[in-house]
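*Asks:* Okay, here's the structure, questions in a sec.
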Amino acid sequence: MKINIITLGCSKNTVDSEVLASNFSKNGHFVEHEYTDGDVVIINTCGFINDAKEQSVDTILAFATLKKKKKIKQLIVIGCLVERYKADLAKEITEVDAWFGVHEWDDIIRFISQNSAEYTLVDRDLNTPKHYAYLKISEGCNRSCSFCAIPFIRGKHESRSIESLYEEALNLASKGVKELILIAQDITVYGLDLYNKQMLPELVEKLSEIVEIKWIRLHYAYPLKFPTKILEMMNTNPKLCKYLDIPLQHISDHLLESMNRGHDQKVTKDLIEQIKTRVPDIAIRTTFIVGYPGETENDFKDLLNFVSESKFDRLGAFPYSDEEGTAAALLKDDVSLDTKMERMNEIMALQQEISLEKNLSFIGKEMVVIIDELEEGIYFARTEFDSPDVDNQVLIETTNELKIGEFYKVKITGADYFDLDAEVIK
């Protein structure tokens, strides 16, 4: 059969869809990571926040309409939204042929292939450009942040072994992957459940042995008990990008306590100072929640001051929304939506100015970039300080042919709020 997989949500869902696609291919099916036409559409949903849930439902309804019109033969919905709301969804959207949660991969394979085939992790059918791939190093989360539904969607934290990740990375390298983006809900505690110690530095060291892999990037670290050995490695291991995605959520002590983050303002500030001291040219990406229950105007001013002082390289802000089943959902949502949006816009406007200031400082400097794509005569590239889809790009306008997925040395010639202009150094 021809199977179209539509992936919504985060990069962890992307990995799930890629493994699923490979399993289908091994069972003789033809798979595409988009909708064109075909026998089956599988929607891999997100159920993390309200906007993501709405997008997932809208997508399901759109394909349910196609099913009514007999444009597709089977509609299957999987993933996080199903894990949370399977019974309700099945009752309301009867056009869907089957619903599967995040722990039912074998069942998905058997439903499609109508045999006893089992889901395996040995291969991936990439939905990214072939030169980079996400490597999901663990599943689930043991944290109990008050606003987050991930632990009861994905379950407890479960690390994959270094050996299995190395094998998968070797396979990815054989397909042309040069950049590995390590992801998990919490990379800080990687290995603790398997090896009785945090093993992120050891994992990075092992992955660095793969000759074809040139960049290794770290996403979603937790501030508490961060493995600072990894900072030393950023200075000594040329493959480890000087980049860290570390969601901080807030800086107010009473909000951090209500969020059940397990650390306070001092721990946060000390860690950021340590990171910047030990790796002066690191790029730090973070995210904050605005309008969390009980957030006062003073709390928000403290957050603005923290952002102004810290000058994060990359920053995202999100308005708080209740997630049913979480501890925060029991609190009074006492910040109006208008106030939440005003605060989000204010913090992002501040970050825009910080971003421009940092980008302007790169003009005249020489940097190494990887070419991601060519569009309308312009090459889009990234530095080691930028992750795909979420961070800045380097724009190169040239009549010379550059190879997608190759590294080039460039000189930065211009900058705006979010992107850099550059020319290749001959």
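The values are calculated or read from the model by the stated rules, or taken from the named source; none is laboratory data. Computed from a predicted model, the values in this text were never measured in an experiment. Methodologically, a virtual Cβ is constructed for each residue, glycine included, from the backbone with ideal geometry; neighbour enumeration extends over all protein chains shown.
*Asks:* Keeping to region 393-415, report how many residues are at pLDDT below 95 and farther than 15 Å from E375 by Cβ.
*Replies:* Number satisfying all stated conditions: 2.
*Asks:* Still on this model: Taking G325, is it surrounded by fewer than 17 Cβ atoms within 10 Å (Cβ to Cβ) and either in contact with a Ser or Thr (Cβ under 6 Å, 6 or more places away or on another chain) or not assigned by TED's automatic domain parsing to the domain that holds K53 (or both)? Steps first, please.
*Replies:* Values: surrounded by fewer than 17 Cβ atoms within 10 Å (Cβ to Cβ): yes; either in contact with a Ser or Thr (Cβ under 6 Å, 6 or more places away or on another chain) or not assigned by TED's automatic domain parsing to the domain that holds K53 (or both): yes.
Yes, satisfied.
*Asks:* Can you tell me which residues in region 66-95 are hydrophobic (A, V, I, L, M, F, W, C), more than 28 Å from the chain's Cα centre (by Cα) and either outside any helix (DSSP H, G or I) or closer than 15 Å to K53 by Cβ (or both)?
*Replies:* I72, I93
*Asks:* What number of residues within region 305-317 satisfy the criterion of being surrounded by fewer than 17 Cβ atoms within 10 Å (Cβ to Cβ) and farther than 20 Å from T383 by Cα?
*Replies:* 3
*Asks:* Being over 23 Å from Q393 (Cβ atoms) and not in a helix (DSSP H, G or I) is the filter here; which residues of region 289-315 pass it? Even if it seems obvious, please write down each step before you answer.
*Replies:* At the first step, the residues of region 289-315 found to be over 23 Å from Q393 (Cβ atoms) are 289-306, 308-310.
I289, V290, G291, Y292, P293, G294, E295, T296 - these are the residues of region 289-315 that are over 23 Å from Q393 (Cβ atoms) and not in a helix (DSSP H, G or I).
*Asks:* Please count how many residues of region 362-419 are outside any loop (DSSP other than H, G, I, E, B), over 29 Å from N127 (Cβ atoms) and among the polar types (S, T, N, Q). Outline the logic, then answer.
*Replies:* Start the filter on region 362-419 by keeping residues that are outside any loop (DSSP other than H, G, I, E, B), which leaves 366-375, 378-382, 393-397, 407-415, 419.
With the extra rule that they be over 29 Å from N127 (Cβ atoms), the set shrinks to 366, 409, 411-415.
Imposing the further condition that a residue be among the polar types (S, T, N, Q) reduces the set to 413.
Qualifying residue count for the region: 1.
*Asks:* Between a first residue in region 8-28 that is at positive phi and a second residue that is not small (G, A, S), which pairs have beta carbons less than 6 Å apart while being 6 or more apart in sequence or on different chains?
*Replies:* Close Cβ pairs (under 6 Å, with a partner that is not small (G, A, S)) amount to G9/C46.
*Asks:* Out of K156, K136, I need the residue that is over 29 Å from E295 (Cα atoms) and either surrounded by fewer than 20 Cβ atoms within 10 Å (Cβ to Cβ) or among the β-branched types (V, I, T) (or both). Which one? Don't jump to the end; show me each part of the working.
*Replies:* Working: K136 fails: either surrounded by fewer than 20 Cβ atoms within 10 Å (Cβ to Cβ) or among the β-branched types (V, I, T) (or both).
One residue alone meets the criteria, K156.
*Asks:* Here is a further query. Of R285, R261, R278, which residue is surrounded by fewer than 18 Cβ atoms within 10 Å (Cβ to Cβ) and basic (K, R)?
*Replies:* On the way: R285 fails: surrounded by fewer than 18 Cβ atoms within 10 Å (Cβ to Cβ); R261 fails: surrounded by fewer than 18 Cβ atoms within 10 Å (Cβ to Cβ).
Matching residue, one of R285, R261, R278: R278.
*Asks:* Okay, moving on. Pull out all pairs, ordered by first then second residue, where Cβ-Cβ is under 9 Å, the residues are six or more apart or on different chains, the first lies in region 325-343 and is among the aromatic types (F, W, Y), and the second is at pLDDT 95 or above.
*Replies:* none
*Asks:* Let me ask something else about it. Which residue pairs have Cβ atoms under 7 Å apart, sit 6 or more places apart or on different chains, and have a first residue in region 302-315 that is under 11 Å from R285 (Cα atoms) and a second that is assigned to a helix (DSSP H, G or I)?
*Replies:* From region 302-315, the pairs are K311/I354; D313/K358; L315/V307; L315/Q351.
*Asks:* I'd like to check which strands (runs of 3 or more DSSP E) are fully inside region 1-55 and have at least 1 residues that are of a type outside the set (K, R) and more than 20 Å from D123 (Cα to Cα). Don't jump to the end; show me each part of the working.
*Replies:* Details: elements: 2-7, 30-32, 40-45.
In region 1-55, the matching strands (runs of 3 or more DSSP E) lie at 40-45.
*Asks:* Got at least one residue in region 403-418 being under 17 Å from Y243 (Cβ atoms), in contact with a helix residue (DSSP H, G or I) (Cβ under 7 Å, 6 or more places away or on another chain) and either buried (at least 18 other Cβ atoms within 10 Å of the Cβ) or not β-branched (V, I, T) (or both)? Before you say what the answer is, go through the steps one by one.
*Replies:* Within region 403-418, the subset under 17 Å from Y243 (Cβ atoms) is 407, 418.
Cutting the leftovers down to in contact with a helix residue (DSSP H, G or I) (Cβ under 7 Å, 6 or more places away or on another chain) gives us 418.
Applying the additional criterion that residues be either buried (at least 18 other Cβ atoms within 10 Å of the Cβ) or not β-branched (V, I, T) (or both) yields 418.
Checked region 403-418: at least one residue is under 17 Å from Y243 (Cβ atoms), in contact with a helix residue (DSSP H, G or I) (Cβ under 7 Å, 6 or more places away or on another chain) and either buried (at least 18 other Cβ atoms within 10 Å of the Cβ) or not β-branched (V, I, T) (or both).
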